[in-house]
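Chemist: I'd like to ask you about the structure that follows.
The values are calculated or read from the model by the stated rules, or taken from the named source; none is laboratory data. Fair warning: this is a prediction, and the values are worked out from it, not measured in the lab. So basically every Cβ, Gly included, is an ideal-geometry build from the backbone, and we count neighbours across all protein chains shown. Surface areas here come from the heavy atoms of the whole protein model, side chains and all, with no ligands, DNA or RNA. Shrake-Rupley method; radii C 1.70, N 1.55, O 1.52, S 1.80 Å.
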Amino acid sequence: MAERIAEEKINQIRQSVDIVELISEYVQLKKQGRNYFGLCPFHGENSPSFSVSTDKQIYHCFGCGAGGNVFSFLMELEGITFLEAAVKLAEKANIDLQVNFSANGKGKSVSPELQSMLDAHELLQKFYHHLLVNTKDGQHALEYLLNRGFTRESIDKFQIGYSLNSWDFGYKFLTKRDFSPELMEKAGLIIKRERDGTYFDRFRDRIMFPISDRNGNTIAFSGRSLGADEPKYLNSPETVIFNKSKILYNFHLAKPSIRKLQQAVLFEGFADVIAADKSGVENGIATMGTSLTEEHITLIRQNTQSITICFDSDKAGIEAAFRAGNMLIDAGCSIKVAMMPDGLDPDEYIKKNGPEKFRNEVISASLTWMAFKFLYFRRGKNLQIEGDRLAYIETILKEISKLTKAVEKDHYLRQLASEFSISLEALQQQLKQVFFTEKRKSNGQTPPVNKPSTFVKQEKRLPLAHFTAERRLIAHMLKDRDTAYKVQDLLQGNTFNTDEHQAIITYLIGFYEEHMNPDSSAFLTYIQDGNLRRIVADIEMMSVNDELSSQELNDYIKQVLNYQKLLKIKEKEVELKEAERQSDYSQAAAIATEIKQLRKSL
Ligand SMILES: [Zn+2]
C-alpha cells in the first residue's frame with residue numbers, strides 16, 4: 001500500500017472518534033475521577049491498571065506500559081497497520097478517506113499477493129460448498145455428513161464443502177481464473193511435483209471445512225476423508241495467511257456471542273465446535289491442531305475473561321485441559337472445566353444424550369478450576385494407600401494456598417477435611433506451613449511460576465532524581481509550547497540523560513515547529529516509534545501542577561545537569577586513584593582540584 005492519508009484527514013479522524021467510546025467496545029471502563037479505568041487488553045491482570053484520559057484522548061497501562069491514542073490502540077489490539085487503523089476509524093466517524101484500496105470489502109488493505117491468496121480461498125470455498133449441496137458429484141459426501149448427524153443448517157453456517165476426486169480440478173479451476181500457480185502453491189492449495197514441476201491438488205475427495213481469520217476471510221481448509229484414507233483430517237500447511245498459533249476456529253462467528261455472554265467455550269477440535277453449535281452453544285472456539293498459545297489467549301481476552309474448557313476426558317484431553325487452564329489462569333482469566341463423561345467427545349455425547357443435556361449437564365455444570373484440580377491430581381493415585389493419600393493432600397493444600405479469596409480457601413479446606421475425615425484445624429495448620437514453604441521457595445532464585453511469561457513487569461526500583469526530573473520536565477513541555485522552548489534554552493546544548501527522553505523532546509520540538517498548540521493525541525501520531533509512544537503516554541498520565549514556577553523549572557534542570565557532573569566526578573575519581581597508584585602526585589593534585597570545582601558547581 002503506497003497510499004498516504006493527508007494529515008488533515010488524520011486530524012479529522014482523531015477529533016471525531018472519542019477514545020473512551022472506542023476502547024469501551026473492547027474493555028469495560030469505569031470512571032474514576034477525571035480518567036477511566038479497566039482491565040488492560042494487552043496483558044493479563046486481575047485489577048485494573050489500564051487508564052484512559054478523555055481530556056488527552058490517550059490511554060496508558062501502568063502494568064505493561066502499553067500506551068497511545070486511538071490509532072495505536074487499534075493497531076496494537078488488532079495487529080494492523082496505521083493505514084488499516086485509519087480506515088477503520090474513518091468508517092466509524094463516517095469520514096470519506098477517498099483512498100483507493102484493493103479492498104476485500106472488509107476495510108482491510110493487504111498486498112496484492114495476499115489478496116490473491118484470500119480470493120482463491122474464497123472462490124474455492126464457495127465452489128466446494130456448491131459441489132456438496134447442489135451437485136450429483138457431491139451427493140455421497142452430503143449423505144455421509146447427514147448420516148453423521150450434521151444438519152443442513154450447520155453445513156451452510158460453517159460453509160462445509162466437498163473437493164472432487166480429481167488430481168487437478170482445483171488447479172485448473174484457479175489457473176483458468178488467472179491465479180498464479182506459484183502463489184497458489186504458497187497458499188497451500190496445490191502441490192508441485194518434484195519430477196516434472198507440474199501441480200496437483202492438495203485436497204481430493206474430502207469433506208472441506210473452511211478455516212477463517214478473525215475478519216471472516218477463508219485462509220485455510222481442513223479436509224476430512226470419507227473413507228479409510230489417511231490422514232483422517234488433512235489441514236492446509238502454515239502459510240503467510242494461515243498461522244496456526246494465531247488462529248482460533250470459529251472465532252469470527254462466535255465473537256458476538258462470546259461478548260454477549262462474556263464467556264467462551266474452548267474445545268479441543270473444530271469438529272467439537274460444530275457439534276456444540278448445533279446444540280445451541282454458539283460461543284465455541286478451538287485451536288487448529290496446536291496447543292494454546294499466548295497469541296490465542298490475547299485474542300480471547302480481548303473479548304472475555306471467562307473461559308470454559310471442554311476437552312475430551314481421555315488422558316491426553318485432561319492433560320491438555322490442565323495445561324490450557326494454567327496458561328489462561330496465568331493470563332488472569334477465570335476458568336471452568338466442562339468434563340465429558342465416559343471418554344466421549346462432544347459430538348458423541350450429543351448424539352447419545354441430546355443437545356439439551358449437553359448444554360445443561362456438561363457446559364452449565366462445569367467444574368471450577370480448583371474442583372478440576374482435585375480430580376486432576378487424583379488420577380493414578382490409590383487413595384486407600386496412606387502414602388498416596390498424604391501426597392495427594394499435600395498437593396491439594398499447595399493449590400489451596402495459591403487461592404487469594406479466604407472464602408474459597410475455607411470452602412476447599414472443608415471439602416478436603418470432610419472427604420478424608422481430618423480435622424479442619426489440622427488442615428489449617430498444615431496450610432500455613434505449606435504457604436510459608438512456598439513463599440520461601442518463591443523468594444529464592446526460582447522465578448514466580450504464575451506470572452504471564454511474555455509480560456515482564458517493569459522494574460519497580462526507585463527512579464533516580466534526574467530521571468524523575470526529566471519526566472516532569474517533559475510533562476510540562478507536553479502541556480505548554482513556551483515551556484518546551486524554555487527548557488531547550490536552559491539545557492544550553494546539553495541533552496537529557498535518558499536516551500528515550502532526549503528522543504521525545506527532539507520529536508516534541510519538531511512537533512511545535514509545525515503546531516502552535518499542544519495536543520497529546522496528535523503528538524502521539526507524530527511519533528513514529530512505538531516504544532517512545534508508550535513512554536509519552538506514561539508521562540501524559542503523570543499528574544503535574546498546571547503552572548511551572550521558575551524555581552521548580554530551575555531545580556529540574558539542575559538535577560538533569562548535575563547528573564552529568566556526577567558522572568564526570570566519578571570518572572575523575574577513577575583517574576585520581578590511578579594517578580595516586582602511579583605516585584604521580586602533581587597529576588593527582590590537579591585532578592583533585594578539578595573534582596573540588598565540579599563538586600562546588602553542583
Ligand atoms: Zn497492560
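Chemist: Kindly indicate whether Tyr507 is open to solvent by 60 Å² or more (accessible area, probe 1.4 Å), modelled with pLDDT of 90 or more and either on the phi > 0 side of the Ramachandran plot or part of a helix (DSSP H, G or I) (or both).
Modeler: Values: open to solvent by 60 Å² or more (accessible area, probe 1.4 Å): yes; modelled with pLDDT of 90 or more: yes; either on the phi > 0 side of the Ramachandran plot or part of a helix (DSSP H, G or I) (or both): yes.
When the stated conditions are applied, Tyr507 passes them.
Chemist: Tell me which residues, restricted to region 58-76, are out of contact with any Leu (no Cβ under 9 Å at 6 or more places or on another chain) and either near the ligand (Cβ under 9 Å from one of its atoms) or not hydroxyl-bearing (Ser, Thr, Tyr) (or both). Let's see the steps before the verdict.
Modeler: Filtering region 58-76 for residues out of contact with any Leu (no Cβ under 9 Å at 6 or more places or on another chain) gives 59-66, 75-76.
Of everything in region 58-76, those that are out of contact with any Leu (no Cβ under 9 Å at 6 or more places or on another chain) and either near the ligand (Cβ under 9 Å from one of its atoms) or not hydroxyl-bearing (Ser, Thr, Tyr) (or both) turn out to be His60, Cys61, Phe62, Gly63, Cys64, Gly65, Ala66, Met75, Glu76.
Chemist: Looking at Ser16, Ser24, Ser47, which one is under 25 Å from Ser334 (Cβ atoms), away from the ligand (no atom under 15 Å from the Cβ) and open to solvent by 20 Å² or more (accessible area, probe 1.4 Å)? Explain how you work it out, then say what you get.
Modeler: Working: Ser16 fails: under 25 Å from Ser334 (Cβ atoms); Ser47 fails: away from the ligand (no atom under 15 Å from the Cβ).
Unique residue meeting the criteria: Ser24.
Chemist: If you don't mind, there's one more thing I want to ask. Looking at (1) open to solvent by less than 60 Å² (accessible area, probe 1.4 Å); (2) within 12 Å of the ligand (Cβ to nearest atom); (3) out of contact with any Phe, Trp or Tyr (no Cβ under 8 Å at 6 or more places or on another chain); (4) at pLDDT 80 or above, find the lone condition where Leu118 falls short.
Modeler: Checking Leu118 against (1) open to solvent by less than 60 Å² (accessible area, probe 1.4 Å); (2) within 12 Å of the ligand (Cβ to nearest atom); (3) out of contact with any Phe, Trp or Tyr (no Cβ under 8 Å at 6 or more places or on another chain); (4) at pLDDT 80 or above, the one that fails is (2).
Chemist: Can you name every one of the helices (runs of 4 or more DSSP H) wholly within region 520-602 that holds 3 or more residues which are within 51 Å of the chain's Cα centre (by Cα)? Spell out how you get there, then give the answer.
Modeler: Working: elements: 520-526, 530-540, 550-581, 585-600.
Once the helices (runs of 4 or more DSSP H) in region 520-602 are filtered for at least 3 residues that are within 51 Å of the chain's Cα centre (by Cα), what remains is 520-526, 530-540, 550-581.
Chemist: Residue check, Tyr563 against (1) of a type in the set (Phe, Trp, Tyr); (2) at pLDDT 90 or above; (3) open to solvent by 40 Å² or more (accessible area, probe 1.4 Å), all met but one. Which one?
Modeler: (2) is the only condition that Tyr563 fails.
Chemist: Going through region 77-93 one residue at a time, which ones are closer than 20 Å to Glu294 by Cα and more than 15 Å from the ligand (Cβ to nearest atom)? Working first, answer last.
Modeler: Step one: filter region 77-93 for residues closer than 20 Å to Glu294 by Cα, giving 77-80.
Hits for region 77-93 are Glu78, Gly79, Ile80.
Chemist: Another question, if that's okay. Determine whether Gln415 is of a type outside the set (D, E, K, R) and touching a residue at least 40 places away in the same chain (Cβ under 8 Å).
Modeler: Yes: the conditions hold for Gln415.
Chemist: Still on this structure, please answer the following. List pairs: first in region 164-192 and farther than 18 Å from Lys126 by Cα, second open to solvent by 50 Å² or more (accessible area, probe 1.4 Å) and hydroxyl-bearing (Ser, Thr, Tyr), Cβ under 8 Å, 6+ apart or cross-chain?
Modeler: Pro181/Tyr171; Lys192/Thr198
Chemist: Between residues in region 46-75 that are in contact (Cβ under 8 Å) with a residue 24 or more places away in the chain and among the hydroxyl-bearing types (Ser, Thr, Tyr) and residues that are open to solvent by 10 Å² or more (accessible area, probe 1.4 Å) and within 11 Å of the ligand (Cβ to nearest atom), which pairs lie under 8 Å by C-beta distance while being six or more apart or on different chains?
Modeler: Final answer for the pair search is Ser51/Phe62.
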